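All remarks here apply to the structure that follows.
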Amino acid sequence: MATLIAPSNHSPHEDAETLQKAFKGWGTDDKTVIVILGHRNVYQRQEIRKAYEEIFQEDLVKKLESELKGNFERAVYRWIHEPAERDAVLLNVVLKSAKNYHIIVEISSILSPEELLAVRRAYLNRYKRSLEEDVASHTSGHLRQLLVGLVTSYRYTGEEINVRLAKSEAEILHESIKEKKGNEEEVVRILSTRSKIQLIATFNYYREIHGTSITKNLLDEESDDFQKALYTAIRITTDHVKYYEKVLRHAVKGIGTDEDALTRVIVSRAEIDLGVISEAYYKRNSVLLEDAVASDTSRDYKHFLLTLLGKDD
């Protein structure tokens, strides 16, 4: 259930001209930017980008970068891009920062095979290097094996499950992850090649056999990036709605806000299932997601996120 509210008909040329007017004079009319871009789907946004360049011989993305500031600019920048291009940029930022590798796991695990392939193409076109090449050059050891395996995976998407395989691989995961008996290569092979439905069956058999979830007590203060990546891969494959709810909950929890995580989830899921994630957030926290966002953000950034949540009244 998407939360984006977009018109069925719009004029990309009119939108482009209205945006150009919003950029004129002293300061940008941020409200107009929000009203237009915050109510256009991915196809409409790309049409606006084309129209703006045709009319004004200027790249709308670069114009937005120069006119907007702070968290608002970063959120709009991610929103204006096509999903594959957006993910390619985000993956590059993660690799250059040498941290937050869980985002690579998140993106590669949630996408369909064709969507992931589109991200790899977008990355290659933008940076003139393959995604797997950069992942390999910025990581090492078992983390490298897992991340390269995930970003290059092309999984089966059918409904068939091999029960015998699920049970045997549940034991392999138990011995390697819980008993810490090594064999990390087998864990990487299982998580990066099996279909999502096959993995869920494996995790379910793990719980049935061992009486606890595979992620229970998986992480502690001494967990390394590889273990954190395993945790993310298992959590998002098992139930991506619960995974994203937790990301949002932690983003607004306590003192300060993790604007990057907040933006990432809202921007990437607004056209897909942010409504379902919002319902899960309310069920878990007894607080509406839009209220949590409103209390932890401010100004144009707040209004833009609320617009994507379908709550811009």
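The values are calculated or read from the model by the stated rules, or taken from the named source; none is laboratory data. Please read these numbers as outputs of a predicted model, since none were measured by experiment. Glycine also receives a Cβ, built like all others from the backbone with ideal geometry; neighbour counts cover every protein chain displayed. Calculation scope for accessible area: heavy atoms of the full protein, side chains included, ligands and nucleic acids excluded. Shrake-Rupley method; radii C 1.70, N 1.55, O 1.52, S 1.80 Å.
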note = Being touching a Ser or Thr at 6+ places or on another chain (Cβ under 8 Å) and basic (Lys, Arg) narrows 196, 228 down to just 196
ask   = Residues of the range 61-77 being under 24 Å from residue 265 (Cβ atoms) and of a type outside the set (Gly, Ala, Ser), which ones?
value = 61, 64, 65, 68, 69, 71, 72, 73, 74, 76, 77
inquiry  = Is it the case, given these coordinates, that residue 81 is within 23 Å of residue 64 (Cβ to Cβ) and of a type outside the set (S, T, N, Q)?
reply    = yes
ask   = Limited to the range 197-215, what total is found for residues that are in contact with a helix residue (DSSP H, G or I) (Cβ under 7 Å, 6 or more places away or on another chain), over 11 Å from residue 234 (Cα atoms) and surrounded by fewer than 17 Cβ atoms within 10 Å (Cβ to Cβ)?
value = 2
note = Contact list, first residue from the range 38-50 and among the hydrophobic types (A, V, I, L, M, F, W, C), second anywhere and open to solvent by less than 20 Å² (accessible area, probe 1.4 Å), beta-carbon distance below 8 Å, six or more apart or interchain, is 48/15; 48/16; 48/19; 48/36; 48/37; 48/60
query = So which residues in the range 13-34 are touching a residue at least 40 places away in the same chain (Cβ under 8 Å) and of a type outside the set (Gly, Ala, Ser)?
reply = 13, 19, 23, 28, 30, 31, 33, 34
ask   = From 38, 70, which residue is at pLDDT 95 or above and on the phi > 0 side of the Ramachandran plot?
value = 70
ask   = Any idea which of 189, 86, 164 is more than 23 Å from residue 213 (Cα to Cα), modelled with pLDDT of 95 or more and basic (Lys, Arg)?
value = 86
ask   = Among the residues of the range 256-273, is there at least one that is over 23 Å from residue 77 (Cα atoms) and modelled with pLDDT of 90 or more?
value = no
Tally, over the range 219-265, of residues that are over 23 Å from residue 84 (Cβ atoms), of a type in the set (Val, Ile, Thr) and surrounded by fewer than 21 Cβ atoms within 10 Å (Cβ to Cβ) = 3
task = Kindly establish whether residue 232 is on the phi < 0 side of the Ramachandran plot, in a helix (DSSP H, G or I) and within 19 Å of the chain's Cα centre (by Cα).
result = yes
query = Looking only at residues in the range 1-17 that are assigned to a helix (DSSP H, G or I) and in contact with an Asp or Glu (Cβ under 9 Å, 6 or more places away or on another chain), which one is surrounded by the fewest Cβ atoms within 10 Å (Cβ to Cβ)?
reply = 13
task = Name every residue in the range 278-313 that is touching a helix residue (DSSP H, G or I) at 6+ places or on another chain (Cβ under 8 Å), within 14 Å of residue 262 (Cβ to Cβ) and of a type in the set (Asp, Glu), in order of residue number.
result = 290, 296
inquiry  = Considering only residues that are open to solvent by 70 Å² or more (accessible area, probe 1.4 Å) and closer than 17 Å to residue 69 by Cβ, which ones fall in the range 30-54?
reply    = 31
inquiry  = Restricting to the range 77-106, name every residue that is free of Cβ contacts under 8 Å to residues at least 24 places away in the same chain and open to solvent by less than 20 Å² (accessible area, probe 1.4 Å).
reply    = 81, 94
task = Identify, from the list 216, 167, 180, 196, the residue that is more than 27 Å from residue 84 (Cβ to Cβ), in contact (Cβ under 8 Å) with a residue 12 or more places away in the chain and not acidic (Asp, Glu).
result = 167
